[in-house]
């Protein structure tokens with residue numbers, strides 16, 4: 001107990017008598033209380049010590065170095081009296097807990113910081129809404145010499161998948177994204193050996209606009225590809241026009257639900273399993289209409305989701321959910337041109353926070369993922385170092 005602590009009770013302090021016990025390093029020099037000292041309310045110090053000792057279990061007669069010596073009943077060490085050493089634990093001045101303003105718990109605004117409601121690590125917390133699926137060795141990265149070579153590679157990829165699916169169950173399901181992907185698939189036009197009568201074509205995302213709109217993925221695919229191949233029109237599944245976006249998403253999911261499992265099988269979780277889903281890569285790392293850190297990216301309870309506030313126009317869209325995409329047998333992710341070089345390098349070589357780069361969450365649960373790149377989009381990659389555990393995964 002320090003001199004200032006004794007002073008609270010009106011107790012005077014005298015110098016430590018010669019020959020007292022050795023001082024413990026780091027503790028204040030022990031002091032002896034003068035005889036007959038009383039508190040300011042008339043209670044003898046010994047009684048006060050006993051009272052507090054009874055409350056706190058702190059009274060003891062054990063010699064303890066570095067603890068203040070208290071003279072009881074006027075006796076002193078110099079007269080050979082027994083010295084009681086007391087570890088005094090004062091009662092809290094805050095019976096309801098330390099006020100939040102203590103300990104600098106103030107925010108820069110001057111407001112009192114909110115009191116934590118945490119129950120402890122892993123108890124009662126809210127889990128992060130984005131997550132990385134389990135790592136699987138089921139992906140490959142293909143680099144081609146030109147965009148035309150990428151198109152030829154894509155056509156062969158689709159052709160092989162089509163043949164395998166039709167042989168297995170008599171149908172092939174292909175899911176398209178938008179953008180430059182339709183042009184890349186033009187080598188499919190006139191490709192021999194394709195049984196197009198067994199094809200079923202879907203859209204991984206679509207803008208909630210009329211089919212005649214220049215923003216329509218259906219219009220873009222039809223002009224460049226679908227109108228030039230012999231796929232039955234009723235086996236091309238477009239968004240229903242002129243519906244509110246939430247109803248449009250529900251209606252498109254209904255189109256999938258109505259298909260026989262010989263056309264669109266289900267996995268153990270009840271999710272449709274498409275044969276091939278082809279995705280583009282946005283400059284911010286988005287795929288389909290799953291944009292960075294948006295709620296749709298974390299959705300797990302629907303096949304098709306409405307998007308009401310897309311960061312790029314038009315604002316209303318529908319999109320496959322991430323679990324539905326990852327249930328596919330094969331996923332092809334296509335990125336071409338110098339403008340995609342930076343985002344390709346970030347997605348493939350820099351591990352981001354979950355949700356920051358949606359393309360990093362494309363990890364098929366039971367299928368495979370294949371990247372299709374040209375020289376320009378792959379120019380920032382360090383593929384020759386990928387096998388080095390020292391260099392990868394990169395964090396810069």
*How many of the residues making up the range 243-254 are farther than 15 Å from residue 301 by Cβ and touching a strand residue (DSSP E or B) at 6+ places or on another chain (Cβ under 8 Å)?*
3
*What do you reckon, is residue 298 more than 14 Å from residue 373 (Cα to Cα) and in the same structural domain as residue 211 (by TED's automatic domain parsing)?*
yes
_Residue list for the range 274-284, filter: closer than 14 Å to residue 322 by Cα and within 26 Å of the chain's Cα centre (by Cα)_ = 277, 278, 279
*Considering the range 331-340 alone, what residues qualify as being surrounded by fewer than 19 Cβ atoms within 10 Å (Cβ to Cβ) and closer than 15 Å to residue 150 by Cα?*
337, 338
_Flag for residue 269 being outside any strand (DSSP E or B), out of contact with any strand residue (DSSP E or B) (no Cβ under 9 Å at 6 or more places or on another chain), farther than 23 Å from residue 357 by Cβ and in contact (Cβ under 8 Å) with a residue 12 or more places away in the chain_ = yes
_When you scan the range 371-388, do you find a residue that is in a strand (DSSP E or B) and more than 19 Å from residue 285 (Cβ to Cβ), even just one?_
no
*Which one of these does residue 328 not meet: (1) assigned to a loop (DSSP other than H, G, I, E, B); (2) surrounded by fewer than 20 Cβ atoms within 10 Å (Cβ to Cβ)?*
(2)
*in the same structural domain as residue 231 (by TED's automatic domain parsing), under 22 Å from residue 371 (Cα atoms), modelled with pLDDT of 95 or more and in a helix (DSSP H, G or I) - does that describe any residue in the range 168-182?*
no
*Among the candidates 150, 112, single out the residue that is modelled with pLDDT of 70 or more, surrounded by 11 or more Cβ atoms within 10 Å (Cβ to Cβ) and assigned by TED's automatic domain parsing to the domain that holds residue 221.*
150
*Examine the range 239-252 for a residue that is in a strand (DSSP E or B) and more than 25 Å from the chain's Cα centre (by Cα), and state whether such a residue exists.*
no
_Filtered residues of the range 194-215 (kept if in a loop (DSSP other than H, G, I, E, B) and surrounded by fewer than 23 Cβ atoms within 10 Å (Cβ to Cβ))_ = 194, 195, 209, 210, 211, 212, 213, 214, 215
*Could you check residue 285 against (1) part of a loop (DSSP other than H, G, I, E, B); (2) buried (at least 17 other Cβ atoms within 10 Å of the Cβ); (3) on the phi < 0 side of the Ramachandran plot and say which number it fails?*
(3)
*From the set of residues in the range 304-318 that are under 21 Å from the mean Cα position of the chain (by Cα) and in a strand (DSSP E or B), which is farthest from residue 237 (Cα to Cα)?*
307
_Return the residues of the range 209-236 that are touching a strand residue (DSSP E or B) at 6+ places or on another chain (Cβ under 8 Å) and within 14 Å of residue 317 (Cβ to Cβ); say none if nothing qualifies._
213, 215, 216, 217, 218
*Do you know which of the residues in the range 331-351 that are within 19 Å of the chain's Cα centre (by Cα) and either within 16 Å of residue 153 (Cβ to Cβ) or not in a helix (DSSP H, G or I) (or both) is modelled with the lowest pLDDT?*
351
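Can you name every residue in the range 352-368 that is modelled with pLDDT of 90 or more and out of contact with any helix residue (DSSP H, G or I) (no Cβ under 7 Å at 6 or more places or on another chain)? It would help to see each step written out before you state the result.
Taking the range 352-368 first, the residues modelled with pLDDT of 90 or more are 356-368.
Those that are modelled with pLDDT of 90 or more and out of contact with any helix residue (DSSP H, G or I) (no Cβ under 7 Å at 6 or more places or on another chain): 356, 366, 367, 368.
The values are calculated or read from the model by the stated rules, or taken from the named source; none is laboratory data. Model, not experiment: these values are computed from the prediction. Don't worry about glycine lacking a Cβ; one is built from the backbone with ideal geometry, like all the others, and counts go over all protein chains shown.
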